[in-house]
Each structure stands twice: as structure tokens, then as C-alpha cells.
Amino acid sequence: MTFTPTVIAEKGEQIYRDKYKARLESSDNGKFVAIDVSSEEAFIDATPEGALQKGKSIRPSGAFHLIKIGSPGVFRVGYAGRQRGDWIFQ
């Protein structure tokens, strides 16, 4: 199987739902899990870097999907700007 980013994300989400979600959301909510989509192993840590590092130390050539446990996404993206007058024409 070829692991494109889309395949990794879809397979990772499926593995998480089927094998880990119920248990991890009650015991490790707010932490991060890196799931190797080939072996279906999960590596948990308080940081995204730590979870991936744990996974890479066991499976150096693994294809990992990263999830923040109990959250809809790993990272939040936001934008805040200060407007001063008509910013288009400044």
C-alpha cells in the first residue's frame, strides 16, 4: 500500500476510532497520540513532538498520524489583527 498524506490521515483516524478512542479519551484526554498506520501501534505523550519521537524510536520508517486526544484537531489556527482606519489603501 502506498502511504499518501490522505491515506495516512484516513487510516490513522479509522485506527484511532476502532482501537483507541474510547480508552484514551477517558484516560489521556488532552495528550497526543501518534499512530503508526502500518503496525497500528499508538505512542502517547504530553506533546506532539514527544509522541512522534516515541513512535520514531520504535518504528523509524513508520507512517504516523498525529491526534490530540479528545480534540477535533492537533493544532488551532487563529488570526487576530489590529485595524487602523482603511487598511486597504494604506
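Can you confirm whether Glu13 is in contact (Cβ under 8 Å) with a residue 24 or more places away in the chain and assigned to a helix (DSSP H, G or I)?
Values: in contact (Cβ under 8 Å) with a residue 24 or more places away in the chain: yes; assigned to a helix (DSSP H, G or I): yes.
It is true that Glu13 is in contact (Cβ under 8 Å) with a residue 24 or more places away in the chain and assigned to a helix (DSSP H, G or I).
Can you tell me how many residues in the stretch 16-68 are acidic (Asp, Glu), in contact (Cβ under 8 Å) with a residue 24 or more places away in the chain and not in a helix (DSSP H, G or I)? Can you show your working first?
Residues of the stretch 16-68 acidic (Asp, Glu): 18, 25, 28, 36, 40-41, 45, 49.
In the following step, the residues that additionally are in contact (Cβ under 8 Å) with a residue 24 or more places away in the chain were identified as 25, 28, 36, 40.
Remaining after also requiring not in a helix (DSSP H, G or I): 28, 36, 40.
Here the count works out to 3.
Coordinate-derived values only; no laboratory data. Everything numeric in this text was worked out from a predicted model, so none of it was measured. Positions of Cβ are generated from backbone atoms using ideal geometry, with glycine treated the same way; all protein chains shown enter the neighbour counts.
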